[in-house]
1. Once phi is turned into θ = phi - 60°, what whole-Hz ³J(HN,Hα) does the Karplus curve with 6.51, -1.76 and 1.60 give for every residue of segment 163-176, x standing for Gly and Pro?
2. Between Ala136 and Met61, what length in nm is gained on full extension when 0.36 nm per residue of separation is reduced by their alpha carbon distance?
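A short reminder: the numbers here are calculations on the coordinates, not readings from a lab. What you see is a predicted model; the values in this text were computed from it and never measured.
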Amino acid sequence: MPTQAETVSRLLAEMPHRPEAAGELLPLVYEQLRAIAENRMRQERAGHTLQATALVHEAYMRIARHEGGEWEGKAHFFRVAADAMRKILIDHARKRCADKRGGGKRPAALENIDIAIDSDPHATLALDEALNTLKAEDDRAAEVVHLRFFAGLSFPDIARLMNVSERTILREWAFARARLVQLLDDHMDKG
């Protein structure tokens, strides 16, 4: 009898060639996706119009259409899922900003250890821009932020997924946090 992890891996491998595999996969990963979405929604403003369940379903629809080729395994799947959720929230923030036509708000600096942002959609967009800059400068540091902040993974889990020591992850996290604060401060100075 295959384990759940083996079944997930098999279904991921089948998804590009067998569309119904996506439907079979959802019940096996739903709770983990829901946990990621709930973690991400806790970091959003109170009264956000998008709920965790809707975020999971919209992200899963994007994942099911994943055109990035073969899945590299369960870790790759959850990275793509967290990224899909992030993009959905960024799109939501962009729409909200467009609806408000700016309003002259400025992003909040990231000073807390868990990188918390203000409920202002401009702050969400500023964070997205800073993360894109960080990714161009240091892909691994950006991946650590992505897995910690958007996927809600612990440092030991990130270390296992990335196949490096927890100490390395903590160094990357410290660097990434400092760099993001700097990038956001620069953004605020321009705003």
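1. With the stated coefficients, segment 163-176 comes to 6, 9, 6, 4, 4, 4, 4, 5, 5, 4, 5, 4, 4, 4 Hz.
2. Details: separation 75, 0.36 × 75 = 27.00 nm, distance 2.76 nm.
Length gained between Ala136 and Met61: 24.2 nm.
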